[in-house]
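Please read the structure below before turning to the comments.
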Amino acid sequence: MVALVLFVVAGTAKADIVYSTSRYVNGSLGNNVPFYDDGTPGYPGGPGVGQTITLGGTARDLTTITIFEGNWGGNTGSYTLALYSGSDPNTGTELGSVTLGSHSGLSYDVFDFRSQDIVLPNTITFIVSSGPGGFNGVGSASGPPTVGSAVNSIWYGAPGSYVADNTWANADSGGFLPPNDNYLTATINATVPDGGMTMML
């Protein structure tokens with residue numbers, strides 16, 4: 001009976017936060033990095049924006065990713081979050097993707113990857129894409145990650161032709177944000193692969 005209880009507990013491990021940025025830091029609210037040109041000169045190109053990150057902790061069995069995103073009117077497309085191995089989405093292997101329906105307004109959207117059995121490498125690149133809409137984009141954080149680390153730059157573009165840029169989002173914020181406006185708001189949760197059952201057995 002004791003062995004059975006230990007087996008069940010081992011298989012229901014709690015998810016850990018392996019990457020996190022904050023929308024609010026010292027009372028400052030992050031900007032929205034748009035999927036399409038919003039009129040600020042030099043837009044690098046959409047419809048995807050993303051970031052290269054390195055995870056903290058040791059849990060790597062992906063469960064969910066939460067992204068702050070949305071619009072202030074007129075979203076015409078769903079939101080798709082794609083994951084790539086390594087630091088370049090143009091050459092990295094696509095690990096998986098999840099699509100959510102469109103919605104009005106800004107919100108924290110949870111992309112559930114649990115059915116895809118993805119074991120993450122330490123460094124990944126995530127890309128979020130959507131259809132055009134007024135101020136439609138991903139929220140930038142008001143500071144660097146509190147868990148894990150990230151390249152202070154944003155990827156823009158479409159599959160196979162993403163470009164990295166570390167200046168446009170700063171210009172687009174119009175001085176509203178601190179200068180580190182190249183971090184996107186994201187939280188990644190994961191468990192130890194197989195819930196620790198192998199170690200327990």
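Worth a mention:
- Calculated over segment 109-152, the projected area of the Cα convex hull averaged across directions stands at 4.8 nm².
- For a paramagnetic label modelled on LEU100 (point 7 Å from Cα along Cα→Cβ), amide N atoms under 17 Å away belong, within segment 39-68, to 48-51, 63-68.
- With K and R counted +1 and D and E -1, the other residues having a Cβ less than 15 Å from that of HIS103 yield a net charge of -2.
- Fully extended contour minus Cα-Cα distance, from VAL147 to THR40, at 0.36 nm per residue: 35.4 nm
No value in this document is a laboratory result; all are computed from the given coordinates. Only a predicted model underlies this, so the values are computations on that prediction, with no experimental measurement involved. All Cβ positions, glycine included, derive from the backbone under ideal geometry; neighbour counts span all protein chains shown.
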